[in-house]
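Below you'll find the structure, written out as structure tokens, and then a few comments.
The values are calculated or read from the model by the stated rules, or taken from the named source; none is laboratory data. As the structure is a computational prediction, the values presented were derived from the model and not from experiment. Positions of Cβ are backbone-derived with ideal geometry, glycine not excepted, and every protein chain shown enters the neighbour counts. Quick note on the areas: whole protein, heavy atoms, side chains included, nothing else; ligands and nucleic acids left out. Shrake-Rupley method; radii C 1.70, N 1.55, O 1.52, S 1.80 Å.
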Amino acid sequence: MKNSSFYQRNKAYILTALGLSIVGFVFLKFLMIVDWEYFIKYKMHILFTGNLDGVLTPPSSTYEAMVNKAFGPAYEAFAPEIIRASNERQLYIWWVFVAEMFIFCMMYLFQGRKEAVITRPEDTVKVFGLFHRIIIWLNVVIMITLIITGFNITWGLRSEGGLIPFLLRGTHEITGLLWFPVWMIMSIIAFKDSKIIFNNSLTKKVLLPGKYKPMKRIIYYFFVIMGAGLLVSGFVIWYLHPSSLTNAHFIQFKRLMLYVHFGSSVLIMFFIMDFVYSTLVAVKGNLKGLITGRYPKEHLEQLALDVLEDIEKRGEKG
């Protein structure tokens, strides 16, 4: 009899949640300098009052009011984290990539590389249309650009300014604005679970074929949530420029957005690397299919049967 316990049915989600909890605890406990009580109360304050100045309680003295006006309230809540991000992470951020690369190396060591046995290479099936491929590759190129130019901002103190850092920062901001429609379209066409709710001809044409395995579903939702965090925080950082007149109204909110932006970028990079690994390394033939849009039918039969079944159900065999 097949084991259908709650754990077996939700094993991928449970193990992923456990792993993220452990990593999150280490990250937040030992690598971040944030006043979490204030962090939570401040967000609730914004939600229920719409006030962005960060003053949760009225100042008890004229001096405290002056400090709030000049530096923003609860300076120690976010500011040390931002300063640390500009200094210490220039030294330690490489270890994040070392750890991520180690994880994928272990995955390759234990799982190997999947490869379908192809005897009829001419018998192919169209999986991705031109529109899908354009969006997928635009998303990849834009995100790589954002990562490279974003590092320029992280290492801004070491570069000591100049024309090249200025141009890279401008490229980061413009590319971020361009990524908004690409992220939105990518989020829509990759929303495979919506087939359960919206079963019509338009949905079948727009959405990517196949069904999500548990881990891929988690990656998709993380991409959507972290992408939204990056875009919203990035736009606020780009748009708001505190001055002597607006300092008390915006500076604490901008600090919060800087924190959200950095946190979202760190988290989304792991899932970008998973996409690169699964496309270039884990399964032979994936990259060619993403370029041409077509896969040998035998490849789908052996490695992605859900995709083939979905395409045949749509009647798009050619």
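Rolling a 1.4 Å probe over the heavy atoms of the protein chains gives the stretch 1-75 an accessible area of 75 Å² per residue. Taking trypsin sites (Lys or Arg not before Pro) across the stretch 1-78, the ones in a DSSP loop with at most 11 further Cβ atoms lying within 10 angstrom of their Cβ are 2. Under the criterion of Cα pairs below 8 Å and six or more residues apart, the relative contact order for the chain equals 29 percent. The residue 217 and residue 100 beta-carbon pair, evaluated with R₀ = 22 Å, returns a calculated FRET efficiency of approximately 0.60. Residues in the stretch 281-318, backbone N under 16 Å from the label point at residue 137 (7 Å along the Cα-to-beta-carbon vector): list them, ranges by number please. Answer for this model: 286-295. Sorted into 10 angstrom bins from 0, the C-alpha pair distances of the chain split as 5, 21, 28, 23, 14, 7, 2, 0, 0 percent. By a 1.4 Å probe calculation restricted to protein chains, residue 272 has an accessible surface near 30 Å², given to the nearest 10. Rounded to 0.05, the FRET efficiency of the residue 30 and residue 266 pair, given R0 = 22 Å and the Cβ-Cβ distance, is 0.95.
How far is helix 62-71 tilted, in degrees, relative to the longest principal axis of the Cα atoms in the chain, given as a value from 0 to 90 rounded to the nearest 10? In the chain, helix 62-71 runs at an angle near 40 degrees to the longest axis. What residue among 265, 60, 233 has the largest mean-square fluctuation in a Gaussian network model of the chain, using Cα springs under 10 Å? Result: 60 has the largest fluctuation of those listed.
Protein heavy-atom surface of the chain, 1.4 angstrom probe: 71% of the accessible area is carbon and sulfur, with nucleic acids and ligands not counted.
Once the Cα atoms of helix 214-239 and of the chain are each reduced to a long axis, what angle between those two axes, in degrees from 0 to 90 to the nearest 10, is obtained? The angle comes out at about 40 degrees. Between residue 60 and residue 6, the modelled labels are 4.6 nm apart [label points 7 Å from Cα along Cα→Cβ]. Computed from Cα atoms, the angle from the helix 305-314 axis to the main principal axis of the chain rounds to 80 degrees.
Using the Cβ-Cβ distance between residue 205 and residue 291 with R0 = 22 Å, the FRET efficiency computed as 1/(1 + (r/R0)^6) comes to roughly 0.55. Using the Cβ atoms and a cut-off under 14 Å, what net charge is assigned to the surroundings of residue 114, where Lys and Arg are +1 and Asp and Glu are -1? Result for the neighbourhood of residue 114: 0.
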